Amino acid sequence: MTRLSELSLTRKVQLALLLGVVAAGVILPHVVDAFILRLLTLALVSALFAMSVDLMAGYAGLVTLGHAGVLGSAMYGVGYVASKTDGGVGLQILVGFIAGMAAATIFGLMAMRATGVYFIMITIAQGMIIWGLASSLVKISGAENGLLGIRRPVNIDSDIRYYYVVLAVILVCSLALFVVVRSPFGYALKGLRGSETRVRMLGHNSAFLKFYMFMVSGFFATIAGILLVYLNEFVSPSDVILGASALPVLMSILGGIGTLVGPVIGAFVIVFLRNWVSIHVDRWPTLMGLIFILVVLFARDGLAGAVSKWWHRQIDGRGSGTNPTRSQEEAALPGPQPVGPS
Amino acid sequence: MRNKRIRRWALLLAVLAMFAAACSDDSDDAGDSSADAGDDADAGDDDADSGDDADADDDTDADADADDDADAGDDADAGDDTGDDAAIESLKIGVLLPLTGFVAGPGEDAQQGLELYFDQFGDGSTIDVGGVSIEFVLEDTGSDPAVALTSATKLVEVDNVDIIIPGILASTGGAVGDALGDRDDVLLLSPYSCNDDFTQRAPLNAYARPGGWACSQSSHAFGLWAFEEAGFETVATACADYTFGYEHCGGFTDAFTNAGGTVNDQIWFPPPTQDFGTYATQMNGLDVDAIMALSVGGAAVPFVTAYSEFGIDRNTPMLAGAVTTDQSVLRAMDSSTVLGTISHGHWAEGADIPETQAFVADFEEATGKIASYYAAANYAAMQWIVATLDLTGGQFSPDLFLETMKGDMVVNTPFGPQSLDDEGSPILNIYIREVVEREDGKLWNVPIFTYEGVDQYFPFDRDTYLQQPSYTKDFQGEAVG
């Protein structure tokens with residue numbers, strides 16, 4: 001256990017920022033109106049979903065464009081029990097969880113041997129299958145009408161209580177993801193990004209590795225799905241369209257792909273851009289496109305990467321740089337330490 | 001090195017220029033709306049700081065918001081003071097429309113129809129009805145029910161609207177209806193989304209469709225017409241494979257077979273289909289008197305073109321769905337492919353009704369387009385709201401409004417005379433229409449036969465009709481497998 005005084009300046013700032021953000025998350029709902037509260041909740045859920053996608057797209061370098069299929073399966077699982085049967089909340093969540101994990105398992109089995117472009121193609125197809133089922137299985141999914149009559153559990157019915165439930169779940173999940181990406185499994189995933197052949201040379205079964213990746217990522221996507229369906233109290237095929245799968249990837253790229261904090265920043269930026277800025281500006285999709293162009297041109301590592309680069313330039317400039325041998329990539333904000341697993 | 005830097009700056013400048021371009025239009029709009037908000041504040045709060053007036057001209061968005069909030073707060077206070085059926089000073093209507101996304105085209109027409117009404121009867125942003133100031137707040141749904149839900153939250157919680165028009169798509173209408181179903185302080189009026197069951201087997205709370213229709217309403221009449229008046233005996237359907245398609249084509253099939261006809265075949269294609277080659281080949285092989293076809297939005301043009309180019313129309317006339325030859329897509333069609341096509345609907349821009357022609361002329365003068373059903377529906381909904389407020393003597397509560405609308409009211413809308421039944425669904429004219437060329441060469445739909453006073457069950461008996469399930473792909477009426 002390192003003492004606070006032994007931490008580098010960068011770490012201290014990171015810690016302070018983290019505490020500040022969590023504190024803001026706890027206090028904010030009391031000072032904003034119901035609309036902003038809803039956006040905050042939505043942004044948190046989107047952040048979890050984006051993190052689950054980033055585990056694949058960022059850490060393992062396997063871009064998925066079908067993950068809304070997992071999220072959506074969980075949503076439809078909850079929605080089906082809630083609107084077509086008289087099952088209670090426990091059963092709703094259980095069925096939602098099973099549906100989401102089943103989708104992740106099937107997706108994983110289908111895509112575990114694919115690489116590169118073929119991986120993207122397969123995941124697109126997976127997402128489209130779920131979309132196709134959602135729009136044609138009228139009796140189960142209600143097709144375009146969606147599933148109506150989903151209600152939050154009574155004791156967390158109010159928007160503000162639900163926000164705190166979401167916040168708590170997201171904090172726990174972030175912590176879990178933090179552990180996952182620093183585990184040997186996490187490093188093996190990064191190995192996949194570097195060179196799958198080498199990972200295999202080192203004795204890993206890369207296909208199994210990808211399958212586990214689908215399961216872990218699918219687990220968090222499933223949780224995001226359950227949170228989202230209770231937030232909207234509604235699910236329809238537009239929750240599982242290709243665009244819904246692409247959005248978390250865009251969030252990750254915008255915030256900083258291959259980090260955990262990046263997807264969170266990206267999720268907040270996109271959710272607020274889409275819903276809040278659109279009140280004032282009619283052509284918000286144009287603005288969003290331009291912001292993406294700017295990020296790709298001037299901040300390859302996303303917003304988190306840009307900030308971290310700027311920070312390191314500042315402290316290097318003052319001559320008190322932490323570790324000049326650190327490569328820039330590894331310096332990305334809460335980026336992992338350059339020491340390997342034991 | 002320097003070259004690279006220069007190139008980078010050039011790129012940055014280009015992107016910034018695009019930003020400016022994107023915002024220039026918007027800043028106009030935003031300017032308008034903030035100016036409006038400023039006006040309201042002036043009108044409403046006499047005791048407000050006089051400094052506001054000076055600011056009003058170059059109000060920023062943030063200021064405008066603050067003004068909105070202030071207004072909303074006042075409304076709530078007024079409501080609290082006097083209880084339920086209270087006289088009100090202002091009525092706020094929240095309008096959700098798809099201004100972006102795949103139904104943005106119809107969304108634009110709908111917005112223009114709404115604005116035309118406020119231009120004609122008010123100052124563009126407010127209308128004064130017997131001392132009550134009616135205003136609207138427009139929000140984008142992005143053609144996505146999840147976004148619509150967020151926008152609806154904003155309308156209800158931040159803008160404190162009294163009435164919500166929940167978008168064009170059936171899915172957005174359903175999602176918003178369900179989310180607000182528990183609230184009895186917001187009235188849902190839906191001139192677009194037409195899901196049969198919302199006024200039939202699964203009625204929504206505080207919901208009615210003034211200026212609207214039920215999805216199977218006009219096609220019921222069409223099925224009857226096809227057998228009794230046109231004399232077709234065997235028909236096939238080719239319809240978009242989603243809820244609206246099921247209800248719209250189910251209505252036709254049910255009424256047609258019930259009258260004595262036979263539906264031989266049903267072809268379903270995904271709503272966004274653009275290449276109809278394979279479906280055209282299938283349709284060409286059918287031995288039927290006519291084909292009832294429904295394709296929607298951007299898919300309507302390629303469908304009608306394929307129908308003509310594959311020569312299907314030479315032997316088998318097309319009986320088009322209500323929106324397949326709607327003015328919103330007819331504008332983009334070629335007269336050689338679509339001229340003479342028979343269709344049906346509760347809207348006929350060529351109808352020889354004074355209200356219709358007055359609206360079509362006004363809309364064309366304002367926008368240069370012949371009015372589509374989407375433009376007319378918002379206009380009619382506003383007529384309904386104003387007429388109802390007139391009748392209640394400036395009082396508003398969702399219950400009072402619903403009760404008044406479902407009473408003896410008849411509103412002469414551009415659709416023709418409309419009244420509401422006990423479930424809040426309209427009783428109106430259904431037109432069997434033909435696409436013809438107007439004097440100036442533009443295409444429009446002119447009625448060749450009219451069913452008057454059609455309710456959502458026509459031609460069936462209400463109670464028998466409600467015993468059968470709603471139309472799905474599997475259930476298209478008793479006589480079909």
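The values are calculated or read from the model by the stated rules, or taken from the named source; none is laboratory data. Here the structure is a predicted model, which means the values were calculated and not measured. Don't worry about glycine lacking a Cβ; one is built from the backbone with ideal geometry, like all the others, and counts go over all protein chains shown.
Quick notes on this one:
- Any hit, the stretch A:228-248, residues being touching a helix residue (DSSP H, G or I) at 6+ places or on another chain (Cβ under 8 Å) and farther than 29 Å from B:ALA179 by Cα: no
- Pair list, Cβ < 6 Å and 6+ apart or interchain, from the stretch B:103-126 residues that are more than 17 Å from B:GLU139 (Cα to Cα) to residues that are not in a helix (DSSP H, G or I): B:PHE121/B:ILE127
- Selection of the stretch B:121-153 for residues being of a type outside the set (A, V, I, L, M, F, W, C) and either in a helix (DSSP H, G or I) or within 14 Å of chain A (Cβ to nearest Cβ) (or both) yields B:GLU139, B:ASP140, B:THR141, B:GLY142, B:SER143, B:ASP144, B:PRO145, B:THR150, B:SER151, B:THR153.
- Some residue of the stretch A:141-148 being among the aliphatic types (A, V, I, L, M), surrounded by fewer than 22 Cβ atoms within 10 Å (Cβ to Cβ) and either within 12 Å of chain B (Cβ to nearest Cβ) or under 20 Å from the mean Cα position of the chain (by Cα) (or both): no
- Screening the candidates A:TYR163, A:TYR118 for the property of being part of a helix (DSSP H, G or I) and within 14 Å of chain B (Cβ to nearest Cβ) yields one hit, A:TYR163.
- Within the stretch B:162-213, the set of residues being of a type in the set (Asp, Glu) and under 19 Å from B:THR404 (Cα atoms) comprises B:ASP162, B:ASP184, B:ASP185.
- B:ASP287 being part of a helix (DSSP H, G or I), more than 27 Å from B:PRO210 (Cα to Cα), more than 20 Å from the chain's Cα centre (by Cα) and acidic (Asp, Glu): no
- For the stretch B:162-203, a residue qualifies if it is more than 25 Å from B:ASP455 (Cβ to Cβ) and more than 12 Å from chain A (Cβ to nearest Cβ), and the qualifying residues are B:ASP162, B:ARG183, B:ASP184, B:ASP185, B:VAL186.
- Identity of the residue in the stretch A:94-115, of a type in the set (A, V, I, L, M) and part of a loop (DSSP other than H, G, I, E, B), that ends up nearest to A:PHE49 (Cα to Cα): A:MET112
- Verdict on A:SER158 being at pLDDT below 95, buried (at least 19 other Cβ atoms within 10 Å of the Cβ) and among the small types (Gly, Ala, Ser): no
- Residue ID - nearest to B:ILE353 (Cα to Cα), chosen from residues in the stretch B:389-416 that are touching a strand residue (DSSP E or B) at 6+ places or on another chain (Cβ under 8 Å) and in a loop (DSSP other than H, G, I, E, B): B:PHE415
- Each residue in the stretch A:9-29 was checked for being farther than 19 Å from A:VAL261 by Cα and touching a residue at least 40 places away in the same chain (Cβ under 8 Å), and 1 pass.
- Scanning the stretch A:272-302 for residues that are more than 9 Å from every other protein chain (Cβ to nearest Cβ) and surrounded by 20 or more Cβ atoms within 10 Å (Cβ to Cβ) turns up A:VAL295, A:ASP301, A:GLY302.
- Scan of the stretch B:134-171 for residues that are small (Gly, Ala, Ser) and out of contact with any Asp or Glu (no Cβ under 7 Å at 6 or more places or on another chain), ordered by number: B:GLY142, B:SER143, B:ALA148, B:ALA152, B:GLY167
- Note on the stretch B:353-388: residues that are without any contact (Cβ under 8 Å) to a residue 60 or more places away in the chain, in contact with a strand residue (DSSP E or B) (Cβ under 8 Å, 6 or more places away or on another chain) and over 17 Å from B:VAL95 (Cβ atoms) amount to 1.
- Within the stretch A:80-115, considering residues that are crowded, with 24+ Cβ neighbours inside 10 Å and farther than 23 Å from A:PHE214 by Cβ, the one modelled with the highest pLDDT: A:GLN92
- Residue that is farthest from B:LEU319 (Cα to Cα), among those in the stretch B:249-264 that are of a type in the set (Val, Ile, Thr) and not in a helix (DSSP H, G or I): B:THR262
- The set of residues in the stretch B:231-248 being away from chain A (no Cβ under 14 Å) and either surrounded by fewer than 24 Cβ atoms within 10 Å (Cβ to Cβ) or outside any strand (DSSP E or B) (or both) consists of B:GLY231, B:PHE232, B:GLU233, B:THR234, B:ALA236.
- Just one of (1) more than 21 Å from A:ALA224 (Cβ to Cβ); (2) touching a residue at least 60 places away in the same chain (Cβ under 8 Å) fails for A:GLY191. It is (2).
- Residue list for the stretch A:131-147, restricted to those being touching a residue at least 60 places away in the same chain (Cβ under 8 Å) and in contact with a Ser or Thr (Cβ under 6 Å, 6 or more places away or on another chain): A:ALA134, A:ALA143, A:GLU144, A:ASN145, A:GLY146, A:LEU147
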